[in-house]
Amino acid sequence: MTQETVAQDRSDSYYGRVLGLDYGSKTVGVAVSDPLRLTAQGVEIIRRKSENKLRQTLARICELASRYQAETIVLGFPRNMNSTIGERAEAALAFGRMLKKRTSLPVVMWDERLTTVAADRVMDETGVRDHKEYVDEIAAMLILQGYLDRLNAGLPVPGGIEDDD
């Protein structure tokens, strides 16, 4: 699927923002990094009425990528606990290919196992009662922060989705 690449040279003072996405059947949680790629902040949750209605979702992500001048998109990749790729992961891969085609940005698939559990835990610890209202946005923040932490540690990160040609 993807190859491992080493984090890019960090000599510039401006690295560019990264958009983090938690793709679900009816929602997409969105987070964005600061320009130095140190921290992830929640942006919004994009909601749709049906799983297959993606046109408006893709358009909104394009708007956000443009607004924040994103240079990369990190998309949560929900592997099964035994590392196999199930139905949800296949759907995320298909969505990632659509994003890459629509935005022309690199799309990195990031292992998101247990991020929703971690998001629920964060909300419990901070006293948030309505988890469904915020869980996807917090999960997007956790996905993106995991990517940023690994990138900033100089460790290998997954490459982007390969072109189909």
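The values are calculated or read from the model by the stated rules, or taken from the named source; none is laboratory data. All figures in this text were calculated on a predicted structure; none of them were measured in a lab. Because the Cβ atoms are built from the backbone with ideal geometry, glycine has one as well, and the counts that use them run over all protein chains shown.
Laid out as a table, the results:
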| item | result |
| --- | --- |
| Residue match in the range 62-74 (condition: part of a loop (DSSP other than H, G, I, E, B), under 23 Å from P156 (Cβ atoms) and either over 12 Å from the mean Cα position of the chain (by Cα) or of a type in the set (K, R) (or both)) | no |
| Matching residues in the range 78-88 - criterion: being within 26 Å of S33 (Cα to Cα) and either in contact with a Phe, Trp or Tyr (Cβ under 6 Å, 6 or more places away or on another chain) or hydroxyl-bearing (S, T, Y) (or both) | none |
| Qualifying residue in the range 98-110 (condition: in a strand (DSSP E or B), closer than 16 Å to I143 by Cβ, among the aromatic types (F, W, Y) and in contact with a Pro (Cβ under 8 Å, 6 or more places away or on another chain)) | yes |
| Residue pairs meeting the criteria (Cβ under 8 Å; at least 6 apart or on separate chains; first more than 17 Å from L58 (Cα to Cα), in the range 82-100; second in a helix (DSSP H, G or I)) | I85/L93 |
| Failed item in (1) closer than 21 Å to P156 by Cα; (2) at pLDDT 95 or above; (3) hydroxyl-bearing (S, T, Y); (4) touching a helix residue (DSSP H, G or I) at 6+ places or on another chain (Cβ under 6 Å), with T103 passing the rest | (1) |
| Members of the range 18-61 that are in a strand (DSSP E or B) and among the acidic types (D, E) | D22, E44 |
| Subset of the range 87-116 (residues that are farther than 17 Å from T72 by Cβ and among the polar types (S, T, N, Q)) | T115, T116 |
| In the range 106-125, the residues that are modelled with pLDDT of 65 or more, in contact with a helix residue (DSSP H, G or I) (Cβ under 9 Å, 6 or more places away or on another chain) and of a type in the set (D, E) | D111, E112, D124 |
| Yes/no for S33 being closer than 24 Å to D149 by Cβ, of a type in the set (S, T, N, Q) and at pLDDT 95 or above | yes |
| Any hit, the range 79-90, residues being at pLDDT 95 or above and touching a Leu at 6+ places or on another chain (Cβ under 9 Å) | no |
| Every residue from the range 134-158 that is assigned to a helix (DSSP H, G or I) and either β-branched (V, I, T) or touching a helix residue (DSSP H, G or I) at 6+ places or on another chain (Cβ under 9 Å) (or both) | Y134, V135, D136, E137, I138, A139, A140, M141, L142, I143, G146 |
